[in-house]
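First up is the structure itself, then whatever we jot down about it.
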Amino acid sequence: MHGDKREDIMADRFVNLFEPDTLLPAQYFAAFAREGGLVRERRLMLAVLQDAVECYQKYALARDPRGRLLFEDAQEWIESGEREWAFAYENICEVLSLNAEYIRKGLSKWRQQRGPVRRSAAKIVPLSERRALGELVEVPEQELQQAS
């Protein structure tokens, strides 16, 4: 009889291993409210968004291939309407309670205002006119030799 009791206890323990833990919804969501829940994921999403905006702004006028590629990657990601990937621009903005379209328009306006300087804006003044206006400063020959 003593052996039967021990077998029952072992059987109960074995069965309990395969039963799911029961949680109230409040207990489940409380885990995400604490530090380490969605806080870390939101910080990561903010870092991804910040990096994209920084690349967009830093390399918007880049001429070298690497800079152009970084800008184009950031621009493509920001302009994408994709939502299938957790770290898609639209999803990140939604999680962070940011207006994705407002940011897009702001970046586009920023880029237009900082567009490349047109060559026609620079005026080339012939040397003879500069001499006549007194703009040409004589540099001693010794300084020219040191500079070269």
### Task
Hand me the list of helices (runs of 4 or more DSSP H) wholly inside segment 1-85 holding 3 or more residues that are modelled with pLDDT under 90.
2-17, 25-33, 38-58
### Query
Within segment 114-123, is there a residue that is under 30 Å from residue 43 (Cβ atoms), of a type in the set (D, E, K, R) and at pLDDT below 95?
yes
### Query
Which one is farthest from residue 47 (Cα to Cα) among residues in segment 66-95 that are touching a residue at least 24 places away in the same chain (Cβ under 8 Å) and among the aromatic types (Phe, Trp, Tyr)?
77
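The values are calculated or read from the model by the stated rules, or taken from the named source; none is laboratory data. In this text, all values refer to a predicted model and were calculated from it rather than measured experimentally. All Cβ positions, glycine included, derive from the backbone under ideal geometry; neighbour counts span all protein chains shown.
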